1. Residues that are out of contact with any Leu (no Cβ under 6 Å at 6 or more places or on another chain), polar (S, T, N, Q) and surrounded by fewer than 23 Cβ atoms within 10 Å (Cβ to Cβ): does the stretch A:231-249 have at least one?
2. Suppose we keep only residues that are closer than 28 Å to C:V146 by Cβ and not in a loop (DSSP other than H, G, I, E, B) within the stretch C:245-263. Which one would you say is farthest from the chain's Cα centre (by Cα)?
3. Given the structure, is D:G138 under 18 Å from C:K221 (Cα atoms) and surrounded by fewer than 20 Cβ atoms within 10 Å (Cβ to Cβ)?
4. Scan the stretch A:294-330 for residues that are of a type in the set (A, V, I, L, M) and in contact with a strand residue (DSSP E or B) (Cβ under 7 Å, 6 or more places away or on another chain) and report the count.
5. Out of B:V143, B:V102, B:V190, B:V108, which single residue is outside the structural domain of B:T217 (by TED's automatic domain parsing) and crowded, with 22+ Cβ neighbours inside 10 Å?
6. If I go through the stretch C:80-99 residue by residue, how many of them are more than 20 Å from C:A288 (Cβ to Cβ), surrounded by 19 or more Cβ atoms within 10 Å (Cβ to Cβ) and of a type outside the set (D, E, K, R)?
7. Taking the stated definitions as given, is B:G263 out of contact with any strand residue (DSSP E or B) (no Cβ under 7 Å at 6 or more places or on another chain) and within 30 Å of B:T2 (Cβ to Cβ)?
8. From the list B:A231, B:A250, B:A223, B:A205, which one is within 22 Å of A:E142 (Cβ to Cβ), among the small types (G, A, S) and touching a helix residue (DSSP H, G or I) at 6+ places or on another chain (Cβ under 6 Å)?
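The values are calculated or read from the model by the stated rules, or taken from the named source; none is laboratory data. All values reported here derive from a predicted model rather than from experimental measurement. Positions of Cβ are backbone-derived with ideal geometry, glycine not excepted, and every protein chain shown enters the neighbour counts.
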There are 4 protein chains.
Amino acid sequence: MTVRFGLLGAGRIGKVHAKAVSGDANATLVAVADAFPQAAEAIASAYGCEVRTIEAIEAAKDIDAVVICTPTDTHADLIERFARAGKAIFCEKPIDLDVDRVKDCIKVVEETGAKLMVGFNRRFDPHFMAVRKVIDEGKIGEVEMVTITSRDPGAPPVDYIKRSGGIFRDMTIHDFDMARFLLGEEPISVLATAAVLVDKAIGEAGDYDSVSVILQTASGKQAVISNSRRATYGYDQRIEVHGAKGMAAAENQRPVSIEVANGDGYTRPPLHDFFMTRYTEAYANEIAAFIAAIEKGTKISPSGADGLAALALADAAVQSVKEGKLIRIG
Amino acid sequence: MTVRFGLLGAGRIGKVHAKAVSGDANATLVAVADAFPQAAEAIASAYGCEVRTIEAIEAAKDIDAVVICTPTDTHADLIERFARAGKAIFCEKPIDLDVDRVKDCIKVVEETGAKLMVGFNRRFDPHFMAVRKVIDEGKIGEVEMVTITSRDPGAPPVDYIKRSGGIFRDMTIHDFDMARFLLGEEPISVLATAAVLVDKAIGEAGDYDSVSVILQTASGKQAVISNSRRATYGYDQRIEVHGAKGMAAAENQRPVSIEVANGDGYTRPPLHDFFMTRYTEAYANEIAAFIAAIEKGTKISPSGADGLAALALADAAVQSVKEGKLIRIG
Amino acid sequence: MTVRFGLLGAGRIGKVHAKAVSGDANATLVAVADAFPQAAEAIASAYGCEVRTIEAIEAAKDIDAVVICTPTDTHADLIERFARAGKAIFCEKPIDLDVDRVKDCIKVVEETGAKLMVGFNRRFDPHFMAVRKVIDEGKIGEVEMVTITSRDPGAPPVDYIKRSGGIFRDMTIHDFDMARFLLGEEPISVLATAAVLVDKAIGEAGDYDSVSVILQTASGKQAVISNSRRATYGYDQRIEVHGAKGMAAAENQRPVSIEVANGDGYTRPPLHDFFMTRYTEAYANEIAAFIAAIEKGTKISPSGADGLAALALADAAVQSVKEGKLIRIG
Amino acid sequence: MTVRFGLLGAGRIGKVHAKAVSGDANATLVAVADAFPQAAEAIASAYGCEVRTIEAIEAAKDIDAVVICTPTDTHADLIERFARAGKAIFCEKPIDLDVDRVKDCIKVVEETGAKLMVGFNRRFDPHFMAVRKVIDEGKIGEVEMVTITSRDPGAPPVDYIKRSGGIFRDMTIHDFDMARFLLGEEPISVLATAAVLVDKAIGEAGDYDSVSVILQTASGKQAVISNSRRATYGYDQRIEVHGAKGMAAAENQRPVSIEVANGDGYTRPPLHDFFMTRYTEAYANEIAAFIAAIEKGTKISPSGADGLAALALADAAVQSVKEGKLIRIG
């Protein structure tokens, strides 16, 4: 079976998914839609697909699945429309910035029986997957403490910050998902601290740029997350899992692995400076997993419920900072 | 000038300090006291010094300074006695497990004008010192986020745990001091989580074995501490400082730095399995710094106030766990 | 301009090049030829090109360039035929195992003015390219000593060994090319040692499996090569360049960069176990460079002369082992 | 039993051994001799021993063993004298620069039954010892290929070079010993290349500063040695052993193991810049091994025969460079 795709949104991340779908032997990109005709046409011409309207894709008989890469505030509506249209749906995170809206959306997905995958791409990074595999194989015993360090090369424009839902819902949300992925048990409490250390304008926009979070599960397992909107040495993405029998860690990735030595010491190049080069394989792997799940009819993960769970942790973190106390989940 | 020493306590750590004092060209070990005559005699014979009573050392004209390595509950009393006797004092941490007792003790030290150094040996580890130097040289800019990972190879006996004051006052206290050393600004709030994941007996003794802590300073700088009473791969001691212009980190230490490769991969030996082999240089360096400060009449650091500050953070961490909220300091 | 390709040979390496050509925006794969129709058809169907005979490709007006991936003993003949047919030629190494045959072939290439690139893919590995760039930027000063470690995961079948021309012409030849690439000066002498340590059958076939080589240039620069047909820990491919002002090295590559620690130590996974996964990017980059050179009419490198120079070093190494002496080149 | 020592030579390396002897619980430093009275007195006062003449030490009843750290051209004579005087002898390498003189000296040692240890300190480096242990435990199978990289931070003065016997006898000799230590089989042939790349004055003095050597044993095992008189990044000392079942390597050592990251990349400090700080533990360990062997009456290693074997390899390397051919040993 070849899964026939429609792509909604032809921006930066849309291009990444267009390439992944086109390069997959079990999928074909049939159509693309975008509010900017030129963006849609660029993808159409590069990958040999049609430009259509969202409505046309919704009604199309020759399309089995859609990839939603439109602006965040359209996600929930589009998920509901395409769930009702009987399409399998891959949607970039987040479903919505509002938990209640997400819950409503997931309800529609459940009622329609649609397949929905949420784009927590880091679960598909080969290095993080290898850590998860080490855990599954029992090599480090029961997981006890997870440490996630996640720092961006630089802060996004303040305009973006304002629309982002804040650092916990925009940036830490990936780490909340990764913590859940690695803990193997639901966090039941959140402690968070936040500050503006990188850029005052971020503070003026009502957000933070440097945050620390502790999650804890019912059995006492802990995850610590450290985020900064700036890292001069590149895109810093590390995970470490400490267990009863050992420890597993995924190191940072850099474009070339050379080392130059002189009187100043031994120097390796900086890390990747962009999430799209850092997570190239993850983006391809997640689409491949989505396609495989559709083909084989297997369970899709991460699901809408995963998207909701991460958002709930983000909301709890916001509240913990405001109230200076531990927030219980659920 | 040669600084003439009396050693109080001839146990495990007393031996380490006896060796450091004896090996220092500017110091001489004159006498040792211990409740167990055999222990005192072993040191006396190994380093060519006398066995005396504590009272005799207190009254001695030929002794300028003492190193206190006796049980914790004797520290504050001995500091006061030797402060009044006009000796310079090096005391193993902690001064006492009770903040008020520590305050009273420091008051006596101040009134007598005695020199007091508290044994936070990690400040003298060459690798941690090198990180501090990198900060001082401005190479990573203003410090923003400190990460301290500190895990013991194995839990101490429950009997020890019961007398220890609990993990925050016994183990994390080193990390509280290190956080203050690296942040360069006083923490004003503490958030902590704690659990029993390693050994139920520790929980039955009223303590925890796995804890996570977030400290924050007035300007928003954050320090995250992760502790476990068990690490199968050895004595895990890492620090990392993230600043506005870069990052500095001290890696773990291992006894031999070889690597063996085969079909299972590339394997390096485990870390040191004991704090005394891990911190050999730190123990020697701290005594050398104490001797140098006496000789040159310079300020002693870490001081009694440093001991007090770390203990206050430990108390706040205990309270944060109990009350599930952020605890403000001072 | 789109460069239109014919592919000669649809085996393992042919597939790699078919994918690279098809994925390049400036090229198109028009036709494939192979003695086994099924192999050719598999590529034709996967990449949407035609199956043709070699003669048809030779005569085709709609083909600008060919990639030769046929057995080694056909390379020189095919290069001459396609040079005369006016096609640009990318040929897998070696041109031939016989230096005189290679010289004749290059003469034809020169007479016809054909463009010829020889497939020394390692020059296009991003990590090795980065080392070359460090040299070019003067960061390590004048190159003095090059060290190349090159070990295969396992020995090829003895049948292959018999047809291979021997380890120096089959395996070390890549390192001879890399040494020339890094030294930046022609080697004028060769010293070599060889032994059978891995598999007696290799010795019975008249070849070696473990060799060490020293090359020296006129100014005294040295390159040391260490080869083994077996490395239990994977495909070991390292280069190091020591210069007057510093040193640059490219580390080994492994599929995932995680580390697992326990009582046995810290273990990273083995290296890639196959040259095609290790050099995936290099294969894509070399075809891209070939296409770019055709498009832009720029000089092609590595050239036929580079193929000849590496083969001459291999011949000299064989002679050095036999005669137990230093062999001068040229 | 306490082994009573006389020290011959109070220079740089004499001080190192004086400290090692004094710090060993099973030894005592009784006397020191040096042509410069001030040098001898400095050691005498630092370690509480007497200054005596060489003759007095030779005749002394209260001295069991001597450490010879005098200039090289006095070694053989002193060994013979002290062998006849019935003392155990530790002598810095080399015994002499002339193979025949070494043979005569060893003959005297054998006739007198004296114990003689030659100062190949690197055998006692904890990291290199750990590699040897990995081999002995069979973890990497039969040794096949040894790689030794040995580069000095900077060239010694030309005056020293002139008296040194040349780079092979002065510097590479350590690597010849290390190769024998690791191969576990005697080299039977030597191939060497040499050049002047660092300092023309070295060439004018008739020596080289950059050399590459291949040793081979009867069974075909190979050792490759790379030497330079200059390494801007510090004292570069690496060994790697490739075997049938795996590989073992000892990494370089550096004074502090920190890493600093910024926009230029991740930088670790340079290596040790001096052999005495790099090999501090090795110097202490070799004297401890000498003392233990005397105490327990066990075999001493490395012996005079080891000194001779390394020198013979150095001579062969000189000859190989001159004659451009493989030189057979023995």
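1. There is at least one residue in the stretch A:231-249 that is out of contact with any Leu (no Cβ under 6 Å at 6 or more places or on another chain), polar (S, T, N, Q) and surrounded by fewer than 23 Cβ atoms within 10 Å (Cβ to Cβ).
2. C:M247
3. no
4. So the count comes out to 9.
5. Numbers: B:V143 fails: outside the structural domain of B:T217 (by TED's automatic domain parsing); B:V190 fails: outside the structural domain of B:T217 (by TED's automatic domain parsing); B:V108 fails: crowded, with 22+ Cβ neighbours inside 10 Å.
From the options B:V143, B:V102, B:V190, B:V108, the qualifying one is B:V102.
6. 5
7. no
8. Matching residue, one of B:A231, B:A250, B:A223, B:A205: B:A205.
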